[in-house]
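Report on the structure given below.
The values are calculated or read from the model by the stated rules, or taken from the named source; none is laboratory data. This one's a predicted model, so the numbers in the text were calculated from it and none came from an experiment. Here the Cβ positions follow ideal geometry from the backbone for every residue, glycine too, while neighbour counts run over all protein chains shown.
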Amino acid sequence: MKGPLRAFAAHVLPPAAALVLALLMWEAWVQWRDVSILVVPPPSAVAERFFERPGFFWREGGWTLYEATLGLLLGSAVAIGLAVVMAHSTLAERTLFPLAIIVKVTPLVAVAPVLVILLGFGTTPKVVVAALLSFFPMLLNAMTGFRDVNPGALQFLRSLRASPWQVFWKLRVPSAQPYLLVALKITYPLALIGAVVAEWFTGDRGLGLVIFSANYNLDTPTLFAAIGVLAMTGVSINVLLSLVERRLLFWHESVRSTR
Amino acid sequence: MAAVLHHVSLSNLSHVFRDGRSPLSALEAVGLAVPPGQFTSVIGPSGCGKSTLLRIVGGLLKPSAGTVLLSGRPPQAAQREREIGFVFQDPALLPWRSVLANIRLPLEIDHLERRRRLPDPEQLLDLVGLSDFRDYYPHQLSGGMQQRVAIARALAFNPALLLMDEPFGALDEITRSAMRYELLRIWEAHPGPAGRKTVLFVTHSIQEAVVMSDRVVVLTSRPGSVRADIDIELPRPRTEEMERTQPFLDYVYYLRNLLKEAPL
């Protein structure tokens, strides 16, 4: 019982204390300087708004998370599929990589309205925008991961005449796991951003809509509560992925060096 | 028909690497014939093409010129029959697999059981002295233990030919010396289907070559070709005491002088 408690004290207490301190300073600043609630609401007002109707925030947050997750899955699936092809063929890499870069450098805010016109309302445009945002980092990491194999192990498998398929499953996929997890830590928050931005433009549901309309109505407590829910979602995802990482990558230096 | 069918025979073997900026000649007109069951060391200055030679024999690299025959067939045929076991300087174990799962890896690549009796992976673990570590992971083992796993893995198909590329090169001196005798013990205790395995052992340690081998082949510096080919007529089993006897020291002295003369 002592171990987990100590781990909790070591890992959770310091950041929690820092967060509480920051909120207190924010509250004090708003109170003393008498800052207008139209500019910055005190944390207490934000919390009050949230607890007035927590169900509303969770439900809208749930929509955003759902769209982001679907988009993440779609974007990752396409990215990993392309990475497999590109890791095996330089011709495919030369052909497809420039296209991937175009997807990456095109500003999302410019594309989102087009997609909304193209795809209408509902889930699809949000999923597509989230997928577009999460695509590139996953592609880059997966490509590097599939190639970053121990050369000795590769030679050994070749000396046994292992097929490319066997080399892929027995060597490349496990070798790529650390890269894929790092990619998820980057792309999941990006997918959330994508979903929120798409919700701004479609305006039918989700935290993006909440933020958009609260902003329009100068309802800063609601605005900040929505932002808070988004932030908490992001933090939870990160914690979850770190736990997965520690379990899955027990053999990898990145995990072993922190034990 | 030849009087002796050699296990490994290389004739007029040359290799030029053309993937760099300028062509790099690594091997030139190497000829070598190794009878079955012989422990042969290949020694030479660094960069003389020892590893290239081994990779060509193992069928991982196609030579620019010359022929390689393993029991009269090209290396690819021997590869197909899983008659080649490779051990590299880097143990190159899969870090996400336990010791036992690493040794089983070759069996997952091909299910050869139907064609010939294969050693039980658990017995191979026992042979390399790691029975108590079957469920450990590579990062929990010392360098010497990892290399033992790599040796056991190379034995998974009970190959007739073992190709070892400086397998103890990354180990500390004490472990290294112990591993030499350990490998000799394994070699003697674990014969292939037709008697002792043929071993081609690349090293840059003169001591090591003499301790282990029936025969030492000295390569010149790049491009490597055979400079000398001497039989080591020391009785087996080799012992650490032998390393202090005059014949042993004579071999070492002789080889050292040969290597000194080799232009670097």
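Give the stretch B:53-67 a look and list any residue that's surrounded by 23 or more Cβ atoms within 10 Å (Cβ to Cβ) and either of a type in the set (S, T, N, Q) or more than 14 Å from chain A (Cβ to nearest Cβ) (or both), or say none. Hit for the stretch B:53-67 is B:Leu53, nothing else. Looking across the stretch B:69-105, the residues that are at pLDDT 90 or above and touching a Phe, Trp or Tyr at 6+ places or on another chain (Cβ under 8 Å) come down to B:Gly85, B:Phe86, B:Phe88, B:Ala92, B:Pro95, B:Trp96, B:Arg97, B:Ser98, B:Val99. Taken over the stretch B:68-85, residues that are in a loop (DSSP other than H, G, I, E, B), touching a Leu at 6+ places or on another chain (Cβ under 7 Å) and within 14 Å of another protein chain (Cβ to nearest Cβ) amount to 2. All of (1) in a helix (DSSP H, G or I); (2) in contact (Cβ under 8 Å) with a residue 40 or more places away in the chain; (3) surrounded by fewer than 17 Cβ atoms within 10 Å (Cβ to Cβ) hold for A:Phe121 with one exception: (1). The condition of being assigned to a loop (DSSP other than H, G, I, E, B) and surrounded by 10 or more Cβ atoms within 10 Å (Cβ to Cβ) holds for only one of A:Ile37, A:Ile80, that being A:Ile37. None of B:Ala152, B:Ala170 is touching a helix residue (DSSP H, G or I) at 6+ places or on another chain (Cβ under 7 Å), closer than 17 Å to B:Leu105 by Cα and within 14 Å of another protein chain (Cβ to nearest Cβ) except B:Ala152. Are any of the residues in the stretch B:37-48 in a loop (DSSP other than H, G, I, E, B), more than 14 Å from chain A (Cβ to nearest Cβ) and in contact with a helix residue (DSSP H, G or I) (Cβ under 7 Å, 6 or more places away or on another chain)? Within the stretch B:37-48 (the criterion being in a loop (DSSP other than H, G, I, E, B), more than 14 Å from chain A (Cβ to nearest Cβ) and in contact with a helix residue (DSSP H, G or I) (Cβ under 7 Å, 6 or more places away or on another chain)), the answer is yes, since at least one residue qualifies.
Determine which member of the set B:Leu107, B:Leu125, B:Leu100 is within 11 Å of chain A (Cβ to nearest Cβ) and touching a Leu at 6+ places or on another chain (Cβ under 8 Å).
The unique qualifying residue is B:Leu107.
Could you tell me whether B:Asp214 is more than 16 Å from the chain's Cα centre (by Cα), surrounded by fewer than 23 Cβ atoms within 10 Å (Cβ to Cβ) and away from every other protein chain (no Cβ under 14 Å)? In short, no.
Within the stretch A:83-138, the set of residues being closer than 25 Å to A:Val173 by Cβ and touching a Pro at 6+ places or on another chain (Cβ under 8 Å) comprises A:His88 only.
Assuming A:Tyr188 fulfils every condition listed in (1) under 25 Å from A:Arg53 (Cα atoms); (2) modelled with pLDDT of 90 or more; (3) crowded, with 19+ Cβ neighbours inside 10 Å apart from one, which condition is it? For A:Tyr188, the failing item is (1).
Those residues that are without any contact (Cβ under 8 Å) to a residue 24 or more places away in the chain, of a type in the set (S, T, N, Q) and either more than 8 Å from chain B (Cβ to nearest Cβ) or buried (at least 23 other Cβ atoms within 10 Å of the Cβ) (or both), I need them from the stretch A:129-171; list them, please. Once the filter is applied, which keeps residues that are without any contact (Cβ under 8 Å) to a residue 24 or more places away in the chain, of a type in the set (S, T, N, Q) and either more than 8 Å from chain B (Cβ to nearest Cβ) or buried (at least 23 other Cβ atoms within 10 Å of the Cβ) (or both), the stretch A:129-171 yields A:Ser159, A:Ser163. Looking across the stretch A:206-220, the residues that are in a loop (DSSP other than H, G, I, E, B) and surrounded by fewer than 20 Cβ atoms within 10 Å (Cβ to Cβ) come down to A:Asn217, A:Leu218, A:Asp219. The conditions of being of a type outside the set (D, E, K, R), within 13 Å of chain A (Cβ to nearest Cβ) and not in a loop (DSSP other than H, G, I, E, B) are met by B:Gln147.
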